[in-house]
1. From T129, T153, T96, which residue is within 30 Å of A252 (Cα to Cα) and assigned to a helix (DSSP H, G or I)?
2. Out of L307, L297, which single residue is touching an Asp or Glu at 6+ places or on another chain (Cβ under 9 Å), in contact (Cβ under 8 Å) with a residue 12 or more places away in the chain and either in a helix (DSSP H, G or I) or among the hydroxyl-bearing types (S, T, Y) (or both)?
3. Those residues that are among the β-branched types (V, I, T) and surrounded by 18 or more Cβ atoms within 10 Å (Cβ to Cβ), I need them from region 257-286; list them, please.
4. Conditions first: (1) in contact (Cβ under 8 Å) with a residue 40 or more places away in the chain; (2) crowded, with 21+ Cβ neighbours inside 10 Å. L289 passes all but one, so which condition is the exception?
5. Which condition breaks for E279 when tested against (1) over 20 Å from the mean Cα position of the chain (by Cα); (2) of a type in the set (D, E, K, R); (3) under 27 Å from F347 (Cβ atoms)?
6. Considering (1) free of Cβ contacts under 8 Å to residues at least 40 places away in the same chain; (2) of a type outside the set (D, E, K, R); (3) surrounded by 18 or more Cβ atoms within 10 Å (Cβ to Cβ), say which one T249 fails and leave the rest.
7. Condition first: farther than 15 Å from L239 by Cα and not hydrophobic (A, V, I, L, M, F, W, C). Now tell me which residues in region 270-313 satisfy that.
Amino acid sequence: MTEEKGGLDRYGLKAIFNRNFNVVAVINLLIMTAYYMIFVTGTLYVRNAYDVSLSVAGFSSGIMVIGCLAGRFIAGSLLSLFGCRPILLAGLVLYTGSVAVFFLAGSLPLLFLQRLFTGIAVGVTGTATGTIVAYVVPRQYHGLGISLFTMSTALALAAGPFLGITLMSGADYVTVVWTAFAAGAGCLAVFCALQALPSMLKKHRPLTDLYSYIDPRVVRFSLVALVACLGYGCVQAFLTAFAEEKGLTWAAGVFFLVYAAAALGTRPFSGHILDHYGENVVFYPALLLMALAMALLAVAETSASFLFAAFLLGVGFGNFQSAGQAVSLTLVTRSRFAQATTTFFLFFDLGIGLGPYLFGFLVPVAGYEGMFCGLAVTALVAACLYWFEHGRLQGRRS
């Protein structure tokens, strides 16, 4: 009786941590670590190597985000047509090859093209791994299973920037690229351990049909992710400059380590709660904690308050990400898991990319403090939008 209610018995853990789950979790960890490693060091390399403006150098990293969005968009249809295994392999080959092309990119336009394809490969690979997890984890454990899987992304978010900055300070950008290439080669080796996957129950649709790429049933829910991710995008883009202005450079260096630790420590519990008590119990606290984190950043004057904001953000946004992916899968049938995953992460990544552009204009007018206050309000708006689009309906079902 206790095991049935708890849901975290030996059978449940064994069902989640199957061989295919472990393989794609390792692949996701390596690929995302390499992605963030390149992302945080690429701008500085372009600015120094090609003597261009900061905006042009920044675009060299931004184009990876564009590529990632494109990769996620096309992945939904490709997964339905060919299945998860060949598309994951294609994404890994494209990633490893595109990283290697860096050594042949002798001009800035070629470097932009190389990073675009790297972003596409990351988008395809990330969508494939997320879809595979949806199929290999039993549906009754989706909340916990996806929370555990996305811990690999949270760990990569901390490890990637830390490793990239460490390699840049002790060696050079070429070492960063070789490390990223090694990660791709390692993923190809790990891929060989992937066993046969469950059938996707594929439904073939014309490639010109938008329904082949995304699922309309997930779009409205994913709007919540778009609004919520605006704040996190601004944290990624402006945290270093904000910390320097406040004299909190040391705290900025460990901000994402604290964020990752908070996310890693709480995701198993939030996933368990999601499976047994419903999504409202996770989403409302997560979005409120995001608002508190933004408000605290707006008034932070000490390293302690700065890092406490990182903790709140990790508990809030870190669990919003994993819970959002799990809920998006409940809105569709099993045959549409690929499109549901694609739809959610398209809006997720779009929000992260749009945030700095939409809220950056506030910095010259109201300072970083005003921007973070605005982002706190945005998180509350996301909570209201969640209630309107999904939360009130979930409450009625329960």
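1. Values: T129 fails: within 30 Å of A252 (Cα to Cα); T96 fails: within 30 Å of A252 (Cα to Cα).
The unique qualifying residue is T153.
2. Numbers: L307 fails: touching an Asp or Glu at 6+ places or on another chain (Cβ under 9 Å).
Answer to the check: L297.
3. As a first pass, look at region 257-286 and keep what is among the β-branched types (V, I, T): 258, 266, 273, 281-282.
Passing the criteria: V258, T266, I273, V282.
4. Exception for L289: condition (1).
5. Only one criterion in (1) over 20 Å from the mean Cα position of the chain (by Cα); (2) of a type in the set (D, E, K, R); (3) under 27 Å from F347 (Cβ atoms) is unmet by E279, namely (1).
6. (3)
7. Selection gives S270, G271, H272, D275, H276, Y277, G278, E279, N280, Y284, P285.
So that you can scan it fast, the table gives a plain yes or no per residue for (1) under 30 Å from A49 (Cβ atoms); (2) assigned by TED's automatic domain parsing to the domain that holds S61; (3) of a type in the set (D, E); (4) surrounded by fewer than 24 Cβ atoms within 10 Å (Cβ to Cβ):
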residue: S107; (1), (2), (3), (4): yes, yes, no, yes
residue: F117; (1), (2), (3), (4): yes, yes, no, yes
residue: T129; (1), (2), (3), (4): no, yes, no, no
residue: Y135; (1), (2), (3), (4): no, yes, no, yes
residue: Q140; (1), (2), (3), (4): no, yes, no, yes
residue: G143; (1), (2), (3), (4): no, yes, no, no
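The values are calculated or read from the model by the stated rules, or taken from the named source; none is laboratory data. The structure displayed is predicted, hence computed values, not measured ones. Neighbour counts are summed over all protein chains in view; Cβ atoms, including those assigned to glycine, are modelled from backbone coordinates with ideal geometry.
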